[in-house]
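The values are calculated or read from the model by the stated rules, or taken from the named source; none is laboratory data. No experiment lies behind these values; they were computed from the predicted model shown. A quick note on method: Cβ atoms are made from the backbone with ideal geometry, for glycine too, and the neighbour counts reach across all protein chains shown.
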Amino acid sequence: MADNVNVPISGTGDTGPVNVATDDCGSGGHVGLGKLAISADGDRTLIPADATNGLDVDVTRVIPGTSATHLGKAEDAVHSSGDVGVMMLAIRKDTAAAVAADGDYVPLQTDANGRLVVLEQYSPDIKAFLDTITNTGHPITGTVTVGSHAVTNAGTFAVQVSSALPAGNNNIGDVDVATVPADPFGANADAASATGSISAKLRFIAGTGIPITGTVTVGSHAVTNAGTFAVQAAQSGTWTVTGAGGTFPVTDSGGSLTVDNGGTFAVQAACAGDVAHDSADSGNPVKVGGRAMTTARTAVADGDRADLAVDVQGRVITEPYGPRELDVMQATVITSSTAETTVVTAVASTFLDIIDVIVCNKSASATLVTFKDSTSGTTRFYLYVPAGATVGFSGQRWPQATVNNNWTATCGTSVDSVYISIRARKTK
């Protein structure tokens, strides 16, 4: 049968049947054809299709967009859950393994954290190189510049030998020679000689030292007697001695010196003032003189040397009991008490000898005062003090028996206000 059929039309203004495009499907009847594309008026061009692939569609444009429902997304846009897009898929492979044959299409692979697995082109070589460095180290050639850092001697340093030094003088730094072989010059070096080759001279110096001629000036430095001094040979000839009186010749006369001063020498007696302390006196001691003085001189520091003090007649000036710097003075009041009371306070490792004592009894009753040279110690003397009286002594020395002790006083009866003033002298 033929395609297309005439379809009658009824109604106002009918103009007769209309020819409708159909496809004659045989026993299946006619199938109407619908126009799916805009074409020129009267054009029946069909959209191509075939039995295998169905309708052929050419996409001539895509509506742009970057929202959540568009396939496209804007550059640097923030991700939101549920966004639509075309996902590039990869396979998680915790252990590297082939997923296809050589030459096949394969998906990308990631680790368990989604990180893309990448194989650097030279990875096997790099791995082998790192294994070598880890296990045996790696030789370094060329010049390596190391920044400033601390260096310790914890290990062994390999001494590098330069292949060759340039001609001329070269500074190789400070060298410490720990040991020297018995023959450092080698079996082929020349025999030791002061005038031979370089190796011969070196052998000569090694065996005899370096001879020094002329004048050697040595700077100021400490000299000790740790060693042996070489005795210089006797000199002969004539010397001159120059002094305030002129220049005088000194001549070697067979082992003795002859001095001509054109005058007379006074023969001085030998003096010996070097006898040690606490040794028997001997020889002719040096005469001792003093410094005459009529006014007090300025004190020197403790331990300094001082001139002996004499008057203008040469008589030695002395001070009773010692210098005043050794005096200790202390005043004490005992009021209505018979308890033992300290009247001179102890000085460490020092005797305190009493020189002067003054005791005043202000009360209307007499009392006996007992003095001891240590607390609860031995009684050394008594002073009886009448009512309203003052007693004491001066210029006497009451020695203390033991160092580092107080002097104490005890009233025999309790009276009102006994005043005690004492001057003591420190001694060893």
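A few remarks follow.
- Boolean, Thr342 is surrounded by 10 or more Cβ atoms within 10 Å (Cβ to Cβ), out of contact with any strand residue (DSSP E or B) (no Cβ under 7 Å at 6 or more places or on another chain), in contact (Cβ under 8 Å) with a residue 40 or more places away in the chain and at negative phi: no
- Hey, Asp304 assigned to a loop (DSSP other than H, G, I, E, B) and modelled with pLDDT of 80 or more or not: yes
- Which listed residue, of Gly29, Gly54, Gly82, is at pLDDT 75 or above, at positive phi, surrounded by fewer than 10 Cβ atoms within 10 Å (Cβ to Cβ) and of a type in the set (Gly, Ala, Ser): Gly82
- Pick from the range 307-334, criterion among the polar types (S, T, N, Q) and part of a loop (DSSP other than H, G, I, E, B), ranking: surrounded by the most Cβ atoms within 10 Å (Cβ to Cβ): Thr318
- Residue satisfying condition, being over 30 Å from Asp307 (Cβ atoms), at pLDDT 75 or above and of a type in the set (S, T, N, Q), within set Thr224, Thr238, Thr215: Thr215
- Per this entry, Trp407 is counted among residues that are among the hydrophobic types (A, V, I, L, M, F, W, C), surrounded by 15 or more Cβ atoms within 10 Å (Cβ to Cβ), modelled with pLDDT of 95 or more and under 29 Å from Glu325 (Cβ atoms).
- For Lys372, the criteria (1) crowded, with 18+ Cβ neighbours inside 10 Å; (2) farther than 13 Å from Thr342 by Cα hold in every case but one, which is (2).
- If you filter the range 382-402 down to residues that are at positive phi and loosely packed, with under 13 Cβ neighbours inside 10 Å, you find that the one that is modelled with the highest pLDDT is Gly388.
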